[in-house]
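Colleague: Quick one: the structure is below, questions incoming.
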Amino acid sequence: MPALTGQVVIVTGASSGIGEATARRLVRGGAKVVISARRAEQLQALAQALDPAGASVLAVAGDVTSDADRRHLVTATLGKFGRIDALVNNAGYGTRGPVEIVPVDAIRKNFETNVFSLIALTQLVLPHLRERGTGCIVNIGSVAGKIARPLSSIYDSTKHALEALTDGLRGELKPFGVRVTLIRPGFILTEFIDAASKASDQYTDNAGPYTPYLEGFRVGYKKLRLVAGVPDDIARLVEKALTSDNPAPRYNGPLHAKFFLCLKWLLPDRVLGFIVRLRQ
Ligand SMILES: NC(=O)c1ccc[n+]([C@@H]2O[C@H](COP(=O)([O-])OP(=O)(O)OC[C@H]3O[C@@H](n4cnc5c(N)ncnc54)[C@H](OP(=O)(O)O)[C@@H]3O)[C@@H](O)[C@H]2O)c1
């Protein structure tokens, strides 16, 4: 079983939420962690809190959608720690709103962050793992990558893409000893909703005939808060994946995520669709 101690792990989207909790947990477990996100101040504060001496944490500010920033992240990691053992592809956000109304450019932007940038960063990291015949890629998907919801189909389809990508990549990299897994969080209390509002309010505030349904969507999110998990629920799964010789293809959590995925497996699409609409 690969020990966490000494593993060099890049965590994207580490300035808040799941990425931050993951960085905290991995550092506690003895890993050397490279944290990345756009908000440099948050990253620096986290690095300082986790490791004031700067021996085991490196903060590299950058935008995952920038080719130059991605390259800098990889070179800075190699420069500081000499190798990479794992990449946790966590950076992401959600655009919501009716497909009819959200401009294609905004949809493209969401795919750029959640899917294409994840692929591009993985491409940069993979040669370093493959040549050493070891390593792990952890993609943060979502329950929404299996169960798409009305008015959230843009974000949900980015996470659906990660399902296929992760499965294909797992097979591709098996001969090279590189492990690949997908983690599917349910609803977790983070800055995700605020970021989604920032990205989507201009569309949801002017949604014309869809407006009453959007109100239902907001109420649905409020109800979900009752069962919401905390970021460390997911960080724990990341740690589990990184310390397994043979990680599960997918990890689901917390409990409500397992429940919804179980319904997806058990129920016909029509019935599940009805339940999803009821939730709103
Ligand atoms: N919270 C949930 O209920 C939930 C459920 C399922 C899946 N997820 C997934 O979990 C992951 C983490 O989300 P979270 O819930 O922890 O939300 P969060 O608190 O909003 O964290 C998102 C992180 O991604 C970073 N990020 C966003 N765009 C970026 C970009 N262009 N370049 C670099 N970093 C970027 C943000 O940092 P900066 O703004 O500083 O760049 C932030 O650190 C996401 O992939 C999300 O889709 C969340």
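Bear in mind these aren't lab numbers, they're just calculated from the coordinates by the rules spelled out. The structure displayed is predicted, hence computed values, not measured ones. Positions of Cβ are backbone-derived with ideal geometry, glycine not excepted, and every protein chain shown enters the neighbour counts.
Colleague: Can you name every residue in segment 85-114 that is among the polar types (S, T, N, Q), under 15 Å from Thr12 (Cβ atoms) and surrounded by fewer than 24 Cβ atoms within 10 Å (Cβ to Cβ)? Can you show your working first?
Modeller: The initial filter retains those residues of segment 85-114 that are among the polar types (S, T, N, Q), namely 89-90, 95, 110, 113-114.
Checking which are under 15 Å from Thr12 (Cβ atoms) leaves us with 89-90, 113-114.
If the condition is that a residue be among the polar types (S, T, N, Q), under 15 Å from Thr12 (Cβ atoms) and surrounded by fewer than 24 Cβ atoms within 10 Å (Cβ to Cβ), then Thr113 is the only one that fits.
Colleague: Within segment 156-194, take every residue that is surrounded by fewer than 16 Cβ atoms within 10 Å (Cβ to Cβ) and out of contact with any helix residue (DSSP H, G or I) (no Cβ under 9 Å at 6 or more places or on another chain) and give me the one that is farthest from Arg38 (Cα to Cα).
Modeller: The qualifying residue farthest from Arg38 (Cα to Cα) is Pro175.
Colleague: Out of (1) on the phi > 0 side of the Ramachandran plot; (2) free of Cβ contacts under 8 Å to residues at least 60 places away in the same chain, the odd one out for Gly208 is which?
Modeller: (2)
Colleague: Also: Consider Ala241 carefully, then state whether it is in contact (Cβ under 8 Å) with a residue 12 or more places away in the chain and either exposed (fewer than 15 other Cβ atoms within 10 Å of the Cβ) or assigned to a loop (DSSP other than H, G, I, E, B) (or both). Talk me through it step by step, then tell me what you get.
Modeller: Values: in contact (Cβ under 8 Å) with a residue 12 or more places away in the chain: yes; either exposed (fewer than 15 other Cβ atoms within 10 Å of the Cβ) or assigned to a loop (DSSP other than H, G, I, E, B) (or both): no.
For Ala241, the condition - in contact (Cβ under 8 Å) with a residue 12 or more places away in the chain and either exposed (fewer than 15 other Cβ atoms within 10 Å of the Cβ) or assigned to a loop (DSSP other than H, G, I, E, B) (or both) - is not met.
Colleague: Being of a type in the set (Lys, Arg), touching a residue at least 40 places away in the same chain (Cβ under 8 Å), away from the ligand (no atom under 12 Å from the Cβ) and in a helix (DSSP H, G or I) is true for just one of Arg218, Arg236. Which residue is that?
Modeller: On the way: Arg218 fails: touching a residue at least 40 places away in the same chain (Cβ under 8 Å).
From the options Arg218, Arg236, the qualifying one is Arg236.
Colleague: Please find, within segment 176-207, the residue that is farthest from Ala235 (Cα to Cα) out of those that are charged (D, E, K, R) and either more than 10 Å from the ligand (Cβ to nearest atom) or not in a helix (DSSP H, G or I) (or both). Don't jump to the end; show me each part of the working.
Modeller: Of all residues in segment 176-207, those charged (D, E, K, R) come to 179, 184, 191, 194, 198, 201, 205.
Subsequent filtering for residues that are either more than 10 Å from the ligand (Cβ to nearest atom) or not in a helix (DSSP H, G or I) (or both) retains 179, 184, 191, 201, 205.
Values: Arg179: 18, Arg184: 11, Glu191: 16, Asp201: 29, Asp205: 34 Å.
Ranking the candidates gives Asp205 first.
Colleague: Continuing with the same structure: Could you give me the residue pairs with C-beta distances under 6 Å whose first residue belongs to segment 1-23 and is farther than 20 Å from Thr65 by Cβ and in contact (Cβ under 8 Å) with a residue 40 or more places away in the chain, whose second residue is among the charged types (D, E, K, R) and within 12 Å of the ligand (Cβ to nearest atom) wherever it lies, and which are 6+ apart or on separate chains?
Modeller: Ala21/Asp232
Colleague: Across segment 116-159, which residue is nearest to the chain's Cα centre (by Cα) among those that are hydrophobic (A, V, I, L, M, F, W, C) and either within 30 Å of Val219 (Cα to Cα) or in a loop (DSSP other than H, G, I, E, B) (or both)?
Modeller: To start, the set of residues in segment 116-159 that are hydrophobic (A, V, I, L, M, F, W, C) comprises 116, 118-121, 124-126, 129, 136-138, 140, 143-144, 147-148, 151, 154.
Now restrict to residues that are either within 30 Å of Val219 (Cα to Cα) or in a loop (DSSP other than H, G, I, E, B) (or both): 140, 143-144, 147-148, 151, 154.
Details: Ile140: 3, Val143: 11, Ala144: 12, Ile147: 16, Ala148: 16, Leu151: 20, Ile154: 15 Å.
Only one residue tops the list, namely Ile140.
Colleague: Another question, if that's okay. Which residues, counting only those in segment 67-84, are under 24 Å from Arg132 (Cα atoms), loosely packed, with under 14 Cβ neighbours inside 10 Å and of a type in the set (Gly, Ala, Ser)?
Modeller: Passing the criteria: Gly79, Gly82.
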